[in-house]
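Below: one structure, written as structure tokens.
The values are calculated or read from the model by the stated rules, or taken from the named source; none is laboratory data. Treat the numbers as computed from the prediction; the structure is a model and nothing was measured. With ligands, DNA and RNA removed, areas are computed over all heavy atoms of the protein, side chains included. Shrake-Rupley method; radii C 1.70, N 1.55, O 1.52, S 1.80 Å.
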Amino acid sequence: MKKLLSVLMILTLMFSLAACGSSEQSSSEAQPEAEASAPKIGVTIYKFDDNFMSFVRRSIEKSAGDQAELVLNDSQNDQAKQNEQVEMMISKGVKSLAINLVDPQAAATIISKAKEAELPVVFFNKEPSEQDMASYDKAWYVGTTSSESGVIQGELIADSWKANPAWDKNGDGKIQYVLLKGEPGHPDAEARTKYAVETVVEKGIEVEELELQTGMWDSVKGKELMDAWIAKHGDKIEYVIANNDAMALGAINSLKAEGYFEGDKFMPVVGVDAIPDALTQIEAGTLVGSVLNDAANQGKATVDLAINVANGKDVLEGTEWKLDDKKAVRVPYLAITKDNIQVAKDCYAE
Ligand code: GAL
Ligand code: CA
């Protein structure tokens, strides 16, 4: 047993190095060279009031340090507002833009403004279409491979289901699930919904969808939907799949109010992001697991690229990041359960 534990600890350590190590490496390598200036960089976040994005924002601020002067905007979930903010930042003389779109379809609008001002633009978190990305040679993207989070979540669901035969409450061998979807049309929401379920099926488990609705990444909406679904289906629900942790946390609150997680009344719930509040629930046993969405490295990569292009350098100069054929830096996801929870804690540590 002891030996097994130490092997597990070493494995966890290795994972943690793989997941978070690049952040430290590139931060020292991305230090400005002698002639460094502190260019003005225009940043928008689609809304400050989004759990996961607040961690990306923190990383952006921290990574910029004194290497850049950030002009930071809360677009308040309003694309028209964001368009105005971009114009305002251009008139203030920013040297590059880092844009978290409100509406992924609005990339073309932002690109035309950037083009006109001959400004480079780094999109992050909401991926523009391939076509939009190809329309401007000074546009890049920092994010993830959206489908990866769905596949990893599907594996978490399948593995946990197989390990807990009692979760099949009606004993029909199928998972009766409800799914809390993120923003419709958001590449992450679409891919997570598709690949989580497909992966479970590929692993040989039959599924039946009881409900699927959007909770817009939001905890309060997640709770409201779950309240309604429990009222309608009660114990017919056997699994709650959430496209992100905020909605999963809302669902857990709803379930707790209905007496779940007491005695042997249990409901498996999974999320994505592995934000600190979700880690607390994993430790408490109320969340089966999550998928680490590495806010620290996404924020860092966004800033590294935006500073380079603001300084007229090659976009990757002095960094360890790699671009794929879509001009995108993609930070990997990682499955998080109780066994390797420390990895996620470290990634979200200040
Ligand atoms: C996703 C994240 C969600 C939400 C969304 C905003 O990557 O998992 O929690 O923050 O981005 O665009
Ligand atoms: Ca069943």
> Pairing the Cα long axis of helix 187-202 with the longest principal axis of the chain, what angle in degrees results, from 0 to 90 and rounded to the nearest 10?
Replying inline: 40 degrees
>> Tell me the angle of helix 146-163 to the major Cα principal axis of the chain, expressed in degrees between 0 and 90 and rounded to the nearest ten.
In response: 20 degrees
>> Which lysines, if any, have their Cα less than 16 Å from the Cα of Lys62, not counting same-chain residues under 8 positions apart?
In response: Lys40, Lys300
>> What Kirkwood Rh does the chain have if only Cα atoms enter the pairwise 1/r average? Answer in Å.
In response: 21.0 Å
>> Just to confirm, what accessible area per residue do you get for the chain at 1.4 Å probe, in whole Å²?
In response: 44 Å²
> Near Lys92, which aspartates and glutamates are there with a Cα under 18 Å away, not counting those fewer than 8 places off in the same chain?
Replying inline: Glu69, Asp74, Glu84, Glu116, Glu118
> How far, in degrees from 0 to 90, does helix 219-233 lean away from the longest principal axis of the Cα atoms of the chain, to the nearest 10?
Replying inline: 20 degrees
>> Based only on Cα atoms, what mean projected area does the convex hull of region 147-292 have, in nm²?
In response: 7.4 nm²
> Once fully extended, how much extra length lies between Asp346 and Asp49, figured as 0.36 nm per residue of separation less the alpha-carbon to alpha-carbon distance?
Replying inline: 104.6 nm
> How much length is gained if the chain between Lys265 and Arg58 is pulled fully straight, taking 0.36 nm per residue apart and subtracting their Cα-Cα distance, in nm to one decimal?
Replying inline: 70.7 nm
> Which length gain, in nm to one decimal place, applies between Asp314 and Val220 when the Cα-Cα distance is subtracted from 0.36 nm times their residue separation?
Replying inline: 29.6 nm
> What percent of all Cα-Cα pairs in region 92-157 falls in each 5 Å bin, counting up from 0?
Replying inline: 4, 17, 27, 20, 12, 8, 6, 4, 2, 1
> Between region 170-218 and region 287-335, what's the alpha-carbon centroid distance in Å?
Replying inline: 28 Å
> Of all accessible surface on region 147-292 at a 1.4 Å probe, what whole percent is carbon and sulfur?
Replying inline: 49 percent
> What number in nm² do you get for region 66-203 if you take the convex hull of its Cα atoms and divide its surface by four?
Replying inline: 11.1 nm²
> Within the set Lys169/Lys338; Lys162/Lys236; Lys256/Lys338; Lys81/Lys113; Lys138/Lys194, which residue pairs have Cα atoms separated by over 26 Å?
Replying inline: Lys138/Lys194
>> What does DSSP give for the chain in terms of the percent of beta bridges that are antiparallel, rounded to the nearest 5?
In response: 10 percent
> For region 222-269, what is the Kirkwood hydrodynamic radius in Å, using each pair of distinct C-alpha atoms?
Replying inline: 10.5 Å
> Under the classification rounded if a/c is under 1.5, otherwise prolate if a/b is larger than b/c and oblate if not, where does region 136-186 fall, given a ≥ b ≥ c as square roots of the Cα gyration tensor eigenvalues?
Replying inline: prolate
